[in-house]
Each structure stands twice: as structure tokens, then as C-alpha cells.
1. Quick one: would you say A:ALA124 is touching a Lys or Arg at 6+ places or on another chain (Cβ under 6 Å) and more than 14 Å from every other protein chain (Cβ to nearest Cβ)?
2. I'd like the full set of residues that are out of contact with any strand residue (DSSP E or B) (no Cβ under 6 Å at 6 or more places or on another chain) and either crowded, with 18+ Cβ neighbours inside 10 Å or at positive phi (or both), limited to the range A:81-90.
3. Just to be sure, is B:ILE238 touching an Asp or Glu at 6+ places or on another chain (Cβ under 6 Å) and within 14 Å of chain A (Cβ to nearest Cβ)?
4. Evaluate the range B:18-40: report whether one residue or more is at positive phi and touching a Ser or Thr at 6+ places or on another chain (Cβ under 9 Å).
5. Would you say A:ARG192 is of a type in the set (Lys, Arg), surrounded by fewer than 20 Cβ atoms within 10 Å (Cβ to Cβ) and under 30 Å from B:SER252 (Cβ atoms)?
6. Can you tell me how many residues within the range B:14-55 are closer than 15 Å to B:VAL70 by Cβ, in contact (Cβ under 8 Å) with a residue 40 or more places away in the chain and polar (S, T, N, Q)?
7. In the set B:LEU294, B:LEU275, B:LEU302, B:LEU234, which member is closer than 30 Å to A:LYS82 by Cβ and of a type outside the set (Val, Ile, Thr)?
8. Is it fair to say B:GLU119 is within 14 Å of another protein chain (Cβ to nearest Cβ), touching a residue at least 40 places away in the same chain (Cβ under 8 Å) and touching a strand residue (DSSP E or B) at 6+ places or on another chain (Cβ under 8 Å)?
Number of protein chains: 2
Amino acid sequence: MKQFAIGVDLGGTKIEIAIVDKNGRIQDKRRFPTNSHSGYNMVLDSIAKAIEEICLQNNKLKPLAVAIGVAGQIEKETGIVKYAPNLEWHDVNLQKDLSEKLGIPVSVCNDVKAATIGEWLYGAGKDCDNLVCVFVGTGIGGGIVCDGKMLEGSNNTAGEIGHITIDLHGPVCHCGNSGCFEALAGGWAIGRDLQKAVLKNKSAGELLLTIAKGNIKNITAKTLSEGLKRNNELSKKIFSELSLALIAGAVSVVNAFGPARLIFGGGIMEGMPQLLPIIEVGVKKYALKSATSLLEISPAKLHNDSGVIGAAAFAFQQNKINVT
Amino acid sequence: MKQFAIGVDLGGTKIEIAIVDKNGRIQDKRRFPTNSHSGYNMVLDSIAKAIEEICLQNNKLKPLAVAIGVAGQIEKETGIVKYAPNLEWHDVNLQKDLSEKLGIPVSVCNDVKAATIGEWLYGAGKDCDNLVCVFVGTGIGGGIVCDGKMLEGSNNTAGEIGHITIDLHGPVCHCGNSGCFEALAGGWAIGRDLQKAVLKNKSAGELLLTIAKGNIKNITAKTLSEGLKRNNELSKKIFSELSLALIAGAVSVVNAFGPARLIFGGGIMEGMPQLLPIIEVGVKKYALKSATSLLEISPAKLHNDSGVIGAAAFAFQQNKINVT
């Protein structure tokens, strides 16, 4: 009989759940808002209910296990969410609580690690023992597979490459450090830079302001993509700075971890696919020759599904079931 | 009968060899100049001869094996030195050649990796599964132990943390990238910054020039240490910039790898021990809380011996002998 796991991708604004088989194939999936303001217990209930429903609607499927990728710091042994800033959760025992509700095994891991497992096993990282996934969305997250093992680090926090310093005199990051990779190249930083540039030079920024329907607060990374399509000079300048920051971060990652594959995913990369070849040229030029001679740079392949597919694979693995 | 291995630390200017037991204790050691200009074969001969001599002088000791740490890129499977810039070696089969000369097994590894093994097994990293060693000398080298394993990466090049970008608008590095960690905080960069500052402001730089006996080219990182002792303003300014760069690099390393111990060694750190507490305060302030809650920052313990002790441990390990 075919075995299935449920993969859950729990973000600050939306939750995705999917029924996934051992080959990483999605049989069915759902997406719904997180409503994080309603608090931990309500979010927990909504996940449990959604899992029960999707199983019912799939011939009363009995999944082997569930795993949830959460944007936050997870205690490895217990699956306790130590801190999830977007959800405003501190020390909640998600693994135990959801498992009691559903009556099946539940595992919890970091959302970016789950997405990396997805890309590693079924996506752009297939059959590769040394890879780094860089997901450039609102922030920048990373997952590192080195010598055939996903790095965890002492506190289950290895891979926070959004917070490597690439510009020590650069802008302050949400984390308190200056010049973090994501403070220069994450979606929130792109929005900040665009808004600053428009304020500084209203005539050059007119087009962007129009795209944003006259409200400067609507200017985001998406506006940049639109501005580039219209050949807007200010957008080209910000894009060029963004490219330099992405190259600097990628060079750091390549020199530090020596991956054979560097995989870029996330909304910013999907919205501006022209970034990838620019990063590739920069990395080949500026990273150590010894570290790039075997290096391939690829786009992520699973797109929005990497989180649920990777979480499901994590669920199988935690229950000692081999995945392929 | 007690078992011994020979550890060799092969640098661009000097070679150290030591007879080491399984507990990392040195029984005897020698140091002599590399004379790299004499070419590969002469250096090879001098190492073989020195090993034979030290064994003869130690009751005709028969070592179990030899391992050499080389400042360069090593092919893991063969022990071929792909490239060693300081020695100007390209693709030399050091492992095979020395083994044939000596008639015992020889292994080759990167010198910084050897030093990291030394600190990990017998020094500041003892009993720790997640650590990063940062050696700040003329350049900056690193070795990473993550989840109980020394990282190798796809090309045996993981851990080149001297070449992570910390200042993307910063000075050009020897490697061609801009703003590498070692281009701001390595010994060669400190010398460059001091010389520049003295040239720019001769009266403020007078003391440093005097320390360097009037020759600006003699101004090095050692001069900085001396200038600080004499409360020289220009030295204090360069020291403060150096501290910022070391903090930025350390924050990157801590966020990327999540170590439980961050170990600093090398000539610059030993020459200016006041740097370590400054780095510690900076890392605790600017790295992610989740990554620092378990973090200890320590000085390296084995000093100049980490290379030979670590190489000897590597020799035991390559010959399937447990070390403690």
C-alpha cells in the first residue's frame, strides 16, 4: 500500500498543507491564511482541522506522519518552537500538541530547512552531497548540506546566511547587526532602498510612484520588477546594487561551505530571473577558483511546494522510512 | 608499546616536525627553514631527512605514520597538493613521493584543517561537536567542525572563511574579490592600513616610523602592537577598525555555522590578546540570540604546536587508530 505523509508549511501569513508520497509527489494540497493574531491555540486548531479535512476528502487517507516547517527556531529533540517572530510564538510545544490532537506522529523543523530538504531530495539538489539553498524572499534564509548531511549546528541554528555581514558599514538589519546579507538583498531591504530613492529624487521616482498607485508605502520589490520592465533608470540603479549584494553573499557562501551546487529560490529570484546569470558570472569571477571549479549554480525547482514536499520527506525520515 | 606518529607543519617560510603520541603529547620536535625557492624535490628531501634524523635521535623510533599539513588546496583521495601559493607548487604528489622515500604511510591535509583537528581533539575545542577555529595570521584561515564532523565541502575547500565578504565596497583582496575578511583583518591588511595611514599623516605616524627604524616597509601588524603599548593615537584608530572587522567576520561565522565554541588563534590574536574580549562583546551583541545562547569564545590553546599535533592526529586517524 502506498504510504503518505502530510507536509505543512507554516508561515506568518499563510499555511500550506499537502499529502505527499515517498517520491515527493503531491497528491493534494490546500492553502489558507494563518490568522496569527488569533493566537497559538486557534492556529493549532486550524491546522489540525485542515489535515483532517484533506485526509477525509482523499478517501479517508491515513497518513503515516505529519511534519511542519515553521519560520522560527526549533528545539531539535522536542520539536518545541523556541521563537517564531512572525507568529509571535515563544516556547510552544507544537510537536506534542498537534500529535495529541491528530493521534499520529508529528515532527517540527525550521521552514527553510524543510524547503532545503525538498530541493535536495527532489529538486535542483538531487543526487548532490554538497549544496547550499539560498531563498531570497522578504528575508533571506538558507539551508546547507555539507558532505551528505544537513547542517544543524550547536543550537539547531546553522545556516542563518541571511545574517552574515556583507557590508560592515551598511544599513542596520532587523536583527540589530549592520550590513547583513538580507539587510541589503532581502525583499524588505529592496523596498526600503526604492522608497528612499523615490523620496530623494521625486522626478526620477515618478514612474515607480505611479506603479504604486501614488502611495510610497506600496513600493516594494515587486515594483522594482515592474520598473525594470519599463526600463526605469532608478530601478536599474537599485537592481545593480542588489546584484552586487547578491554576488557578495553568494561568494561568502561558496568560499565558506564549498558547495557543488548553489541553489537560489524565493520570491525575489522568481520575480527577477535575470538575477541568476548575473550572480553566476560574479561568483565565478570573485569566489576562490578552488571552490568554484566544480560549482553549478541553479534555480530552485519546486517553487512554492519545496516547503510542504520537504516537510513530508522530513516526516518520513523521522519515522525511519526511506525516501527517494 | 607506545605508538607515535610524525606531524609535519609545512609553511612557506618554515617547516616544523614533531613526534606525537595518541594523546597529542609531543615527545620531540624540530623546526627549520623551508627554502621553498630550492624547489619541490629539495623541500621533499629536507623533510624526509629531518624525519629520519629525529627518529634516529629518539631511540631509533619507528613511527606508525606521517601526516603533513600544507598551506594549500589538497585533493582528499590522493593527497596531491593541487596548489600551494606560498610554495609555488602545482599538482605535486606529496603523499606518494614522501611515502616512497620513507617507507611508511603518509597523508596530506590542509594546514589550517590540521591545526583545527589539533585544537578540536586536544586544545580549546576538546569534547565539543560544533566549533569553528579562526586563525588570524598574515591571512585568515578557518576550520569548521559541525555536528561532530570536520567539514570538507565538494572540493575539500570548505572553511575558507578568510574569503567571506564582510565589506562589499572594501579593499581588494589577494584573491581578486573585494572586502574579504582577511583583506580587512589579516596581518597583511593591517600592515597595508598602517603604512597608508603613516604616509597620509606623517606627524601622527612618526612614532610608528621610528618603531620601524625609519623604513615604512617595516611597518607591520607587530608595529601596531608596539604602537598600542605606547598609546599611539593612529595605532588606536587602526586597532578600532580591526576590531570592527573581526567582529563582523565572527558574527558571520557564528550565524552561518552555529558553533558552540568559536576559537581564535594565530599570530595576530596572540600578539594582541586584548582583541578577544572585544570580539566576544561584539559577537554577543550583534550575532543572532539563538546562535549565541550556548556560544563560548576562547583563545586557541596549542599555539604554534596545533599544526604538528593536529597533523599527527590526522595520521593516526587515516590509519584507523583511535586518538583521545
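The values are calculated or read from the model by the stated rules, or taken from the named source; none is laboratory data. Bear in mind the structure is a predicted one, so any value in this text is a computation, not a measurement. Ideal geometry is used to build each Cβ from the backbone, glycine not excepted, and the neighbour counts take in all protein chains shown.
1. Considered against the rule, which asks whether it is touching a Lys or Arg at 6+ places or on another chain (Cβ under 6 Å) and more than 14 Å from every other protein chain (Cβ to nearest Cβ), A:ALA124 comes out as yes.
2. A:LEU87, A:GLU88
3. Numbers: touching an Asp or Glu at 6+ places or on another chain (Cβ under 6 Å): yes; within 14 Å of chain A (Cβ to nearest Cβ): no.
No; evaluated as a whole, the condition is false for this residue.
4. Yes, some residue in the range B:18-40 is at positive phi and touching a Ser or Thr at 6+ places or on another chain (Cβ under 9 Å).
5. Details: of a type in the set (Lys, Arg): yes; surrounded by fewer than 20 Cβ atoms within 10 Å (Cβ to Cβ): yes; under 30 Å from B:SER252 (Cβ atoms): yes.
Criteria met by A:ARG192.
6. 2
7. B:LEU294
8. no
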